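The values are calculated or read from the model by the stated rules, or taken from the named source; none is laboratory data. All of these numbers come straight from a predicted model, not from anything done at the bench. FYI the Cβ positions are ideal-geometry reconstructions off the backbone, even for glycines, and counts take in every protein chain you see.
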Amino acid sequence: MKITHNNCYLEKRDTGYSICISLPDNSKNYIHSDTLSIIDLALKYRESLLLRSIEPENCTIKEDGSYYRINIMFEIYPEVTEINKLPTIYLLFHGRKLNLNDAIFERDLLID
């Protein structure tokens, strides 16, 4: 699934904002970080995600108690200047808790 303006957007959450990736079945996956400001989310990371594909090796299903979550990892390569080199930034999205069948179905939607 390609990340586009239509399926990747900012959403207000309980304590702030999150980047949300919306799946074709209208379920949602959110960025997993409480340390990003709205400026970081809107200007920096969302633009870095647009038009990228979700690769199968970066989309995994993890057990969470008696349920499962879809985890998606993105690598963002910041601009490198002569003065300093910034490290690669990893963004981890996670889906809501699902049973195993639903987790497999949603993962297939993401990587298709």
Inset, instruction - Please name all residue pairs, on different chains or six or more residues apart, with Cβ atoms under 8 Å, provided the first residue is in the stretch 16-27 and is under 12 Å from ILE3 (Cα atoms) and the second residue is acidic (Asp, Glu) and assigned to a strand (DSSP E or B). - result: ILE19/GLU11; CYS20/GLU11
Legend entry - Odd one out for ILE61 among (1) modelled with pLDDT of 85 or more; (2) buried (at least 17 other Cβ atoms within 10 Å of the Cβ); (3) not small (Gly, Ala, Ser): (2)
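Quick check on the stretch 8-17: of everything there that is farther than 14 Å from PHE74 by Cβ and either within 13 Å of the chain's Cα centre (by Cα) or in a strand (DSSP E or B) (or both), which residue is modelled with the lowest pLDDT? Steps first, please.
To start, the set of residues in the stretch 8-17 that are farther than 14 Å from PHE74 by Cβ comprises 9-17.
Then keep just the ones that are either within 13 Å of the chain's Cα centre (by Cα) or in a strand (DSSP E or B) (or both); that gives 9-12, 17.
Details: TYR9: 82, LEU10: 79, GLU11: 79, LYS12: 76, TYR17: 72.
Checking each candidate, the answer is TYR17.
For the stretch 46-57, how many residues are in contact with a helix residue (DSSP H, G or I) (Cβ under 9 Å, 6 or more places away or on another chain) and either of a type in the set (Lys, Arg) or outside any loop (DSSP other than H, G, I, E, B) (or both)?
Start the filter on the stretch 46-57 by keeping residues that are in contact with a helix residue (DSSP H, G or I) (Cβ under 9 Å, 6 or more places away or on another chain), which leaves 53-56.
Going one step further and asking which of them are either of a type in the set (Lys, Arg) or outside any loop (DSSP other than H, G, I, E, B) (or both), we end up with 53, 56.
Residues meeting the conditions: 2.
On the given criteria, is LEU36 modelled with pLDDT under 75, part of a loop (DSSP other than H, G, I, E, B) and more than 16 Å from GLU106 (Cβ to Cβ)? I'd like the intermediate steps shown before the answer.
Details: modelled with pLDDT under 75: yes; part of a loop (DSSP other than H, G, I, E, B): yes; more than 16 Å from GLU106 (Cβ to Cβ): yes.
Criteria met by LEU36.
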Inset, instruction - Could you figure out which of (1) modelled with pLDDT of 80 or more; (2) surrounded by 12 or more Cβ atoms within 10 Å (Cβ to Cβ); (3) under 19 Å from ARG107 (Cβ atoms) isn't true of TYR30? - result: (1)
Legend entry - Hey, ARG52 modelled with pLDDT under 80, under 19 Å from ASP108 (Cβ atoms) and surrounded by 13 or more Cβ atoms within 10 Å (Cβ to Cβ) or not: yes
